[in-house]
Amino acid sequence: MVRSAQPTTLELAILGLLALEARSGYDLMNVFESTAMGNYSSSPGAIYPALGRLEKRGMVDGEVDDTQRLRPRKVFRPTAQGEETLRAWLRREITQQDVRRNLDELLLRFAFHSLLESRASREFLRGLAESLEAYVAELVRQRKHFPAEAPPHGRMAFELGIENYRSCARWARRMIRRFEEES
């Protein structure tokens, strides 16, 4: 078993999918190809090497399923180490850098929160909302420094960014309320 650096986002997405259901590489490609997860890659040139790295590091086990006579396939499941790595990633604290540069990854993490207890999901959403709101406040301060004589296009694009982050923060607050109402 080889230990190395933190898995890539693609590898973590694969671990999450395998934690939900054992799958073959082909099954994973279909999920990535047919869902919004496709931006992480539906390419066999990315998925199969990622599975190989995860297997080499001891995070997934592959078992040949030969119950189908025509074509046996290798089905993967996360190991205890893989599940531990996945849960640590899901529980990782949200940073301002995450909000600024990795919002898609934060939403991917949340998508796998069904693997955790609902309290962890509420905490994640609370941290997300607070981080987003802090970043919006920072952006609003930055907006005041736009030169009045500058072309309006940059300011308009900046406004869209602010609105997108505000919208995400409102969504996170709504989801917290939904969790609280359901419990």
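Are there helices (runs of 4 or more DSSP H) fully within segment 1-74 with at least 2 residues that are exposed (fewer than 14 other Cβ atoms within 10 Å of the Cβ)? List them.
Passing ranges, in order: 25-34, 44-56.
What pairs come up if the first residue lies in segment 155-183 and is in contact (Cβ under 8 Å) with a residue 40 or more places away in the chain, the second is part of a helix (DSSP H, G or I) and among the hydroxyl-bearing types (Ser, Thr, Tyr), and their beta carbons are under 7 Å apart, counting only those six or more places apart or on different chains?
The qualifying pairs are TYR165/TYR135; PHE179/SER118; PHE179/SER121; SER183/SER118.
In segment 164-183, how many are of a type in the set (Ser, Thr, Tyr) and either over 15 Å from LEU132 (Cα atoms) or surrounded by 13 or more Cβ atoms within 10 Å (Cβ to Cβ) (or both)?
So the count comes out to 2.
What are the residues in segment 91-108 that are free of Cβ contacts under 8 Å to residues at least 60 places away in the same chain and assigned to a helix (DSSP H, G or I), if any?
Within segment 91-108, ARG91, GLN96, GLN97, ASP98, ARG100, ARG101, LEU106, LEU107 qualify.
Out of GLU84, GLU105, report the one residue that is within 17 Å of the chain's Cα centre (by Cα) and assigned by TED's automatic domain parsing to the domain that holds VAL136.
GLU105
How about segment 1-36: which of its residues are at pLDDT below 95, among the β-branched types (Val, Ile, Thr) and either under 18 Å from LYS56 (Cα atoms) or not assigned by TED's automatic domain parsing to the domain that holds GLU83 (or both)?
The answer is VAL2, THR8, THR9.
Would you confirm, using the coordinates I've provided, whether GLY161 is part of a helix (DSSP H, G or I), within 18 Å of the chain's Cα centre (by Cα) and surrounded by 13 or more Cβ atoms within 10 Å (Cβ to Cβ)?
No: the conditions fail for GLY161.
The values are calculated or read from the model by the stated rules, or taken from the named source; none is laboratory data. All values derive from a computational prediction rather than experimental measurement. Quick reminder, even Gly has a Cβ in these numbers, built from the backbone with ideal geometry, and neighbours come from all protein chains shown.
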